Amino acid sequence: VRSMEKGERAAEELKKIHLVCKPILCDVSKDSSVKACAEKLSSEHKNGLDILIHNAAARMYKETPKSEQVENFINTNNLGTTRMVRHFAPLMAQGSHFLIVASGFGSLTRLDKSKHALFDVSKCSLDDIDKVML
């Protein structure tokens, strides 16, 4: 989570339905933060993680020029997801779930169809897609 207060509130709500959740601060825009979070969880969960939900996202605001927002947007939404996959996928237990939540903003519907192949996950690696975004 980016906000421990919000994470703790969410954990309390989950507790009401008998689910255990432990929020941990993790800034997906910084590789060092994602790595430290993964290392902490790895040391605490020797048998692997059962479920991980990645829901981090940066927004674009109409009142701010896109040129001032795009770097943080890509760093969080695209590269942040890659960081999470690289650092956390090896920690997942057999039969676990790694859920990546994305908004409609991440769909290709607004992108020219000639560019869709650049994002074809059946043919492209995470590195290939990250290069397109950079």
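Every read-out reported here was derived from the displayed coordinates using simple, explicitly stated rules and does not represent laboratory data. The structure presented is a predicted model; accordingly, all values stated were derived computationally and were not measured. Ideal geometry is used to build each Cβ from the backbone, glycine not excepted, and the neighbour counts take in all protein chains shown.
Which of (1) under 14 Å from Cys26 (Cα atoms); (2) free of Cβ contacts under 8 Å to residues at least 12 places away in the same chain; (3) basic (Lys, Arg) is the odd one out, the single condition Arg83 does not satisfy?
(2)
Suppose the filter is over 20 Å from Met4 (Cα atoms) and in contact (Cβ under 8 Å) with a residue 40 or more places away in the chain; does Val28 pass it?
Details: over 20 Å from Met4 (Cα atoms): no; in contact (Cβ under 8 Å) with a residue 40 or more places away in the chain: yes.
For Val28, the condition - over 20 Å from Met4 (Cα atoms) and in contact (Cβ under 8 Å) with a residue 40 or more places away in the chain - is not met.
Name the residues in the range 117-126 that are exposed (fewer than 11 other Cβ atoms within 10 Å of the Cβ) and either more than 24 Å from His87 (Cβ to Cβ) or more than 21 Å from the chain's Cα centre (by Cα) (or both), would you?
Restricting attention to the range 117-126, the residues satisfying the condition of being exposed (fewer than 11 other Cβ atoms within 10 Å of the Cβ) are 117, 121-123, 125.
Answer for the range 117-126, where residues must be exposed (fewer than 11 other Cβ atoms within 10 Å of the Cβ) and either more than 24 Å from His87 (Cβ to Cβ) or more than 21 Å from the chain's Cα centre (by Cα) (or both): Ala117, Lys123.
For the range 1-114, which helices (runs of 4 or more DSSP H) that fit wholly inside it have 1 or more residues that are among the polar types (S, T, N, Q) and exposed (fewer than 11 other Cβ atoms within 10 Å of the Cβ)? Steps first, answer last, please.
Details: elements: 4-16, 31-44, 66-74, 80-88.
Ranges flagged: 31-44, 66-74.
If a residue must be small (Gly, Ala, Ser) and touching a residue at least 12 places away in the same chain (Cβ under 8 Å), how many such residues does the range 103-134 contain?
So the count comes out to 2.
For the structure I just gave you, tell me whether Ser67 is closer than 25 Å to Asp127 by Cβ and either small (Gly, Ala, Ser) or in contact with a Pro (Cβ under 6 Å, 6 or more places away or on another chain) (or both). Walk me through how you get there before you give the answer.
Working: closer than 25 Å to Asp127 by Cβ: no; either small (Gly, Ala, Ser) or in contact with a Pro (Cβ under 6 Å, 6 or more places away or on another chain) (or both): yes.
Here the answer is no, as Ser67 does not meet what is asked.
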